[in-house]
Amino acid sequence: MGRRLKNYQEKLIAPEQAAGLMEDGWKRADLHVHTTCSFDVLPVRSLHPESLYEKSLALGMDFITFTDHDTMDAYEILGWDREKLVPGVEMTVYDPEFAGHVLHVNVFELDREEFLELREISQVEHDLKNFVRYLKRHRLPFMYNHPFWFKFHEELNPSAVPKLANLFPVLEYNMNELKQKNELTIALAERFGKSIVATTDTHSGKLGQVYTLAKGDSFREYFRNIEKGRNYIVPEDLTRKLLIEEMNTWIDLIFDKSHNTQDVKNYLTGIKSLDAMVKISRSTLLNYSPRLNRTAMNLFYMISNTGLPASFYIYSAKSIAREIEKNIEIKSQK
């Protein structure tokens, strides 16, 4: 893998180097951020589109986009034409014949009508090639999210990823993925002449921890430079330490009583441990007893800070990454 990464290493830079580029006019953006409009984000005030928009402005992001799962409700809330705001969405595409598994695709600068047409192609036609043809025909910026991610309980299909990557101009280096998977993504990008972006894919409000730098007075120009490989990324990979921090953030959010209890009570991620925590936090006893709520919260902190849940997750993720690497052969399809 080291040989494959050689030509792309110069694109991975530290925050100190990025600061120098930004002084010279390079723009930065986190191109994968979720708000409360996504089904798997807790309905708390700090993750509301308005809160995250204000946070992005405070962080000095040059372009702000929210990419919720198969919905653009964030823009109905915020308005479609605000300072630095770029309409975006993460589309779920399942093409059983060509792809064989679920893909996530980020699309930017689309309007309501284009979104509805893309949703028809992705959810009714299940036609990835037609989906990509539509994007190109309408000249919409788009990228292939976490190429080596597979839906929970879905059969691994890594051998299909190279042919799928060839359809996309940009591949994602995802902060929530292990280094092994992100290195495979860079290998794909290098082999097929694709560009890479670094994103947080945050579901807990930690936007801007990683980002992509490129020049451009408009988002279209910025993304065009990314497509041409005229960009740098400030990346980070999933580690045990970062995972513990993320788990503690979720504990904070789940046991916070300042938001609408009923909304959180009905919230489900599909991740058993998180959903169980939500049910416990919303029990009648904890709702009416701040002391018991704090005790339960501290208990979950204690479990999280042992590092055991994080270590177990990392171990499982590494096993999957090894299985993918063993079954994938990145060869040119030009």
Cα-centred dipole magnitude for the chain, charges only on beta-carbon of K, R (+1) and D, E (-1), debye, nearest 20: 980
Which of F152, N231, L12, positive extreme of dipole for the chain (C-beta unit charges): L12
Which label in (1) 34, 21, 18; (2) 41, 22, 17; (3) 32, 23, 21 gives the computed semi-axes √(5λ) of the Cα gyration tensor in Å: (3)
Packing-based order for 132-142, 55-65, using average beta carbon neighbours within 10 Å, highest first: 55-65, 132-142
Under 5 Å, built H, 5+ apart or other chain: amide partners of K151: V102
In sequence order, calculated HN-Hα J values of the range 220-227 (Karplus, 6.51, -1.76, 1.60; Hz; x Gly/Pro): 4, 5, 4, 6, 4, 5, 4, 4
Proxy reagent accessibility, fewest Cβ within 10 Å first, across W26, W80: W80, W26
Theoretical ellipticity at 222 nm over the chain - DSSP helices of four or more residues, -39500 (n - 2.57) apiece, nearest 500: -13000 deg cm²/dmol
Peptides ranked, highest mean first, by Cβ atoms within 10 Å: ranges 191-202, 110-121: 191-202, 110-121
The range 298-315 and the range 14-73: distance between their alpha carbon centers, rounded to Å: 28
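No value in this document is a laboratory result; all are computed from the given coordinates. All of these numbers come straight from a predicted model, not from anything done at the bench. All Cβ positions, glycine included, derive from the backbone under ideal geometry; neighbour counts span all protein chains shown.
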